[in-house]
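What follows is a single structure, written as structure tokens, with notes after it.
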Amino acid sequence: MFKLRNAEEKFTLLADELTPNFAYAYTNRANVRVALGNYMGAIRDYGRAIELAPLAKDTWVTLLNRGSTLLAIERPDLALPDLQKSVELSKGDRFTLLERGSAYHALNRYNDAIADYGAVLDKYPGNVEPWWLRYSLDLLEVGKRQEALGFARRLAAKFDIEPETNLAVCSLLWKDGTEVDRDEALRRWKVAPLTTKRQMLAFDVAKRQWPPSAVLASKDFRSAVPPPPPEVEAPAPAAAAPVELPPSTEAPVAPPPTEAPVAPPPTEAPVAPPPTEAPVAASPSSGMDERAALMKERIRQLELELGKSPS
């Protein structure tokens, strides 16, 4: 959704501001708006693109897209002119024929719808496609029951558990059917999955725009078959009981003894260095004796120098 919003903003910038006359800005924004469910905004953008480039080679595509969007909002009366022009410009492209057939179907113009579906079938006879269902119902509405039944059977063979397809083929078998036809319808009902049966009974044929004859046929068939058993909610699973393990018969094995940690070797105490002898201070008396001796020696030398004998 974020990417779509972002794309819409970018194309809005182109269409409203940068290139307001650029047709493809509008067609691209219209396509994004269809994806976002903004059908009215998309229809306006397709219309603006057609006004800007009415002769473009792909105008038939824009007409097809606008017609398809008008069908989506249940306005087949407005869609039909666009789709008719698209068929002409495309020279009978299969998608334009199928969409115009859908518009004819919605307008109860069943023979015209059959003609368009038949034209596509002539081009692609081997392609079993979902639109065959509407084709077979329109054939029933115009009184071509056997032809309608043939297409419905082939469709059911491909989409064997699809609810609408199974309801259609059973209803066609039931309506004005022989005993063999009705037995086939009941057999198909019997072998259908339970979920498919419930969906077949609840299917809204009016919402899917089934023609009146097919609506009555489905009502008759659904009232004739036995209803499937009601859907029962499965009980919540019970909590699993805890599993008790049987006691072990083996003697427990003691774990291996752990080794005692080994103390690190003691470190040797540091050895104190031997004490140093304190210096002995000279006593004061010894110093005086030395000075006295020196004095006497000095006196003696002086006396010798003066010629005196020592005393």
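Of all residues in the stretch 183-208, those satisfying the criterion of being farther than 30 Å from Ile73 by Cα and not β-branched (Val, Ile, Thr) are Asp183, Glu184, Ala185, Leu186, Arg187, Arg188, Trp189, Lys190, Ala192, Pro193, Leu194, Lys197.
Only one entry of Asp176, Asp138 meets the criterion of being charged (D, E, K, R) and over 27 Å from Thr96 (Cβ atoms), and that entry is Asp176. Only one of the numbered conditions (1) under 28 Å from Pro125 (Cβ atoms); (2) surrounded by fewer than 21 Cβ atoms within 10 Å (Cβ to Cβ); (3) out of contact with any Phe, Trp or Tyr (no Cβ under 6 Å at 6 or more places or on another chain) is violated by Asn166, and that is (2).
Is it true that Leu70 is within 33 Å of the chain's Cα centre (by Cα), under 20 Å from Arg208 (Cβ atoms) and buried (at least 17 other Cβ atoms within 10 Å of the Cβ)? Taking the combined requirement at face value, the residue satisfies it.
Against the numbered list (1) without any contact (Cβ under 8 Å) to a residue 24 or more places away in the chain; (2) under 31 Å from the mean Cα position of the chain (by Cα), Leu121 comes up short only at (2). The set of residues in the stretch 71-89 being part of a helix (DSSP H, G or I) and closer than 23 Å to Pro130 by Cα consists of Leu71, Ala72, Pro76, Ala79, Leu80, Leu83, Gln84, Ser86, Val87. Being assigned to a helix (DSSP H, G or I) and within 22 Å of Leu78 (Cβ to Cβ), is that true of even one residue in the stretch 128-141? For the stretch 128-141, residues assigned to a helix (DSSP H, G or I) and within 22 Å of Leu78 (Cβ to Cβ): present.
Go over the candidates Ala53, Ala49, Ala35 one by one and state the one that is modelled with pLDDT of 90 or more and surrounded by 21 or more Cβ atoms within 10 Å (Cβ to Cβ). None of the other options fit; the residue is Ala49. Can you tell me which residue is surrounded by the most Cβ atoms within 10 Å (Cβ to Cβ) among those in the stretch 91-124 that are closer than 13 Å to Leu139 by Cα and acidic (Asp, Glu)? This residue is Asp116. Contact annotation: residue pairs with Cβ atoms under 6 Å, 6 or more positions apart or on different chains, pairing a residue in the stretch 73-94 that is more than 21 Å from Arg33 (Cβ to Cβ) with a partner that is not charged (D, E, K, R), are Leu80/Ala103; Lys85/Leu63; Val87/Thr96; Leu89/Trp60; Ser90/Trp60; Ser90/Thr96; Arg94/Val120.
Figure legend. Inter-residue proximity from the stretch 187-206: first residues free of Cβ contacts under 8 Å to residues at least 60 places away in the same chain and closer than 14 Å to Thr165 by Cβ, second residues among the acidic types (Asp, Glu) and part of a helix (DSSP H, G or I), beta-carbon distance below 7 Å, spacing 6+ or different chains. Indicated pairs: Phe203/Glu164.
All but one of (1) touching a residue at least 12 places away in the same chain (Cβ under 8 Å); (2) not in a helix (DSSP H, G or I) hold for Ala156; state the number of the condition that does not hold. Failed condition: (2).
The values are calculated or read from the model by the stated rules, or taken from the named source; none is laboratory data. Just so you know, these numbers come straight off a predicted model, no measurement behind them. Don't worry about glycine lacking a Cβ; one is built from the backbone with ideal geometry, like all the others, and counts go over all protein chains shown.
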